[in-house]
Structures are given as structure tokens and as C-alpha cells.
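*Asks:* What follows is a structure written as C-alpha cells; I'll ask about it next.
The values are calculated or read from the model by the stated rules, or taken from the named source; none is laboratory data. Owing to the predicted nature of the structure, the values given are computational and were not obtained by experimental measurement. Glycine gets a Cβ as well: all are built from the backbone with ideal geometry, and neighbour counts include every protein chain shown.
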Amino acid sequence: AQKVTQAQTEISVVEKEDVTLDCVYETRDTTYYLFWYKQPPSGELVFLIRRNSFDEQNEISGRYSWNFQKSTSSFNFTITASQVVDSAVYFCALGLTWGGSQGNLIFGKGTKLSVKP
Amino acid sequence: DGGITQSPKYLFRKEGQNVTLSCEQNLNHDAMYWYRQDPGQGLRLIYYSQIVNDFQKGDIAEGYSVSREKKESFPLTVTSAQKNPTAFYLCASSTGTSGRSTDTQYFGPGTRLTVL
């Protein structure tokens, strides 16, 4: 079964705190892609990162970093020195290369992050 | 500016009426998608299209219909057969004719549909 689990439904932090959003995925495919999207209150999903299953290097982009560990099927997202503008719902998604899910990004249920000033 | 536009932003419909949601992109992307989002839930795929005049059902296609007559346009019709249509609808597009979910999908601003 293909599945993405974001166990944290809501997280609340104070500005400048670091915060990690967890993502655990399930698939039997050896080739797949993982994504993170941000959904601010306006509703539009904003693409953050795309990662293929063969690239386990961690990635850093400004205050954002991602930790991909195939051994634990996790693709966690850390925001360093959080800001109020980071308040949003964050979605992790799994993209597969074959079968009935070819057109389908499999989304987790999202984690709502609230950053308070 | 390149991007995806959806209209209207808010839509109200009476029970028993069909309604069409617009999605237009000027990114020159081949593949387009429609997702439904319910409160506290992730996105679920309704339909996707890899190329003009072709489209495939997603996980929850019942009660919906689409057309793809132009590359840049992928309208979604919510029919009266859709039992619970109140939701947030998101359109997306991606490069590549495969329509693979491994391509990065870029999303529009969404349409919030409410059935009265």
C-alpha cells in the first residue's frame, strides 16, 4: 500500500524557535519521489522541494532543510528560526512511477504550523 | 507572469445544479490535474490529463466530468450526481506528457465550492 503519514496534526511554536515536521511514507517501489508543499491561509499550494529516492543527501535552502532517510522511510522538514510568515499547513507527498497511481501524488493529511510572535 | 489561474475563487451552488470550475495555465505544461481538499484532509485526485483530448479518472471521479480541448485549459464540472460537493478544489499542472506523479506539480489558487 502507498501511504504518507504526517503524525503531527498541529504544531505551535514561538518565533525564532526551530521546528521539525515529520513525514513517513510507505511504498514498495524502489523509484519514487517525495515532495513538500506549503499551503498558506490563502489556499494555494506552494512547491518547496522534490526529491528522488536515489538521492539521500540532505538539502538546505535558507532556513529550510530536509532530512531524507530511506532506512526509516522518512522525509522530515526543519524550519530554523521560524517566522510568523511560516504559519501554514505543510503537506508531504509521494509520487510513484508506475501502476494506477501514475497520475497521482499521494498526500499526507498535513501539519498545521502556527508561529506566534 | 506564468502561472495557473482558477475562477471563481468562491462559488455557491444550489443542490441539483451542475457547476463548472475554470482552470487555465500559461506555463506550457502538458499535464493538468484536479484535486479535491476537505477540511483537515490531504488532497485527493479527481481527474488528470496528460495531453489534449485525453484524460484519466483519479481516485474520486464519480460525480465529476472534465474536458481538455486546449492545452492551457482543463475545466471541471461538478454534476448533481456528486453527493457531497462542498470542498476546496485545486487545479495543478506539470511538464511532461507522461503525467507522471514524479513530475513537480504547480498549483493554482483554488476554488471554494459551497452547496446551499
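*Asks:* Here is a check on your reading of the model: is A:Phe68 modelled with pLDDT of 90 or more, within 23 Å of B:Gly58 (Cβ to Cβ) and in contact with a strand residue (DSSP E or B) (Cβ under 9 Å, 6 or more places away or on another chain)? Spell out how you get there, then give the answer.
*Replies:* Numbers: modelled with pLDDT of 90 or more: yes; within 23 Å of B:Gly58 (Cβ to Cβ): no; in contact with a strand residue (DSSP E or B) (Cβ under 9 Å, 6 or more places away or on another chain): yes.
Judged against the criteria, A:Phe68 is not a match.
*Asks:* Only one of B:Glu15, B:Glu24 is buried (at least 17 other Cβ atoms within 10 Å of the Cβ) and away from chain A (no Cβ under 13 Å). Can you tell me which? Give the steps one after another, and end with the answer.
*Replies:* Values: B:Glu15 fails: buried (at least 17 other Cβ atoms within 10 Å of the Cβ).
After ruling out the rest, the residue left standing is B:Glu24.
*Asks:* Right, another one. So, in the range B:86-105, of the ones that are out of contact with any Leu (no Cβ under 7 Å at 6 or more places or on another chain) and more than 8 Å from chain A (Cβ to nearest Cβ), which residue ends up modelled with the highest pLDDT? Before you say what the answer is, go through the steps one by one.
*Replies:* Initial filter on the range B:86-105 (out of contact with any Leu (no Cβ under 7 Å at 6 or more places or on another chain)): B:88, B:91-92, B:94-100, B:102-104.
Next cut, more than 8 Å from chain A (Cβ to nearest Cβ) only: B:91, B:94-97.
Values: B:Cys91: 97, B:Ser94: 89, B:Thr95: 83, B:Gly96: 64, B:Thr97: 56.
Among them, the one singled out is B:Cys91.
*Asks:* Could you tell me which residue of the range A:1-47 is farthest from A:Ala93 (Cα to Cα), considering only residues that are aliphatic (A, V, I, L, M) and surrounded by 16 or more Cβ atoms within 10 Å (Cβ to Cβ)? Let's see the steps before the verdict.
*Replies:* Our first condition is that a residue be aliphatic (A, V, I, L, M); within the range A:1-47, this holds for A:1, A:4, A:7, A:11, A:13-14, A:19, A:21, A:24, A:34, A:45-46.
Filter once more, so that each one left must be surrounded by 16 or more Cβ atoms within 10 Å (Cβ to Cβ): A:4, A:11, A:13, A:19, A:21, A:24, A:34, A:45.
Working: A:Val4: 7, A:Ile11: 19, A:Val13: 24, A:Val19: 19, A:Leu21: 13, A:Val24: 10, A:Leu34: 6, A:Leu45: 12 Å.
Among those that are aliphatic (A, V, I, L, M) and surrounded by 16 or more Cβ atoms within 10 Å (Cβ to Cβ), it is A:Val13.
*Asks:* Sticking with this structure for a sec: For the range A:9-48, which positions are in a loop (DSSP other than H, G, I, E, B), modelled with pLDDT of 95 or more and more than 13 Å from every other protein chain (Cβ to nearest Cβ)?
*Replies:* A:Glu15, A:Lys16, A:Glu17, A:Asp18, A:Asp22 - these are the residues of the range A:9-48 that are in a loop (DSSP other than H, G, I, E, B), modelled with pLDDT of 95 or more and more than 13 Å from every other protein chain (Cβ to nearest Cβ).
*Asks:* Let me ask you something else. If the Cβ limit is 7 Å and pairs must be 6+ apart or interchain, which residue in the range A:1-15 that is more than 20 Å from A:Thr72 (Cβ to Cβ) pairs with which residue that is among the basic types (Lys, Arg)?
*Replies:* The qualifying pairs are A:Thr9/A:Lys112; A:Glu10/A:Lys112; A:Ser12/A:Lys116; A:Val14/A:Lys116; A:Glu15/A:Lys116.
*Asks:* Quick check: is even one residue across the range A:87-99 more than 14 Å from every other protein chain (Cβ to nearest Cβ) and either buried (at least 16 other Cβ atoms within 10 Å of the Cβ) or in contact with a helix residue (DSSP H, G or I) (Cβ under 6 Å, 6 or more places away or on another chain) (or both)?
*Replies:* If we filter the range A:87-99 for residues that are more than 14 Å from every other protein chain (Cβ to nearest Cβ), which is where we start, we get A:87.
Add one more test, that the residue is either buried (at least 16 other Cβ atoms within 10 Å of the Cβ) or in contact with a helix residue (DSSP H, G or I) (Cβ under 6 Å, 6 or more places away or on another chain) (or both), and what stays is A:87.
The answer is yes, given that some residue of the range A:87-99 is more than 14 Å from every other protein chain (Cβ to nearest Cβ) and either buried (at least 16 other Cβ atoms within 10 Å of the Cβ) or in contact with a helix residue (DSSP H, G or I) (Cβ under 6 Å, 6 or more places away or on another chain) (or both).
*Asks:* Also: Tell me yes or no: at least one residue of the range A:63-83 is crowded, with 16+ Cβ neighbours inside 10 Å and within 13 Å of chain B (Cβ to nearest Cβ).
*Replies:* No.
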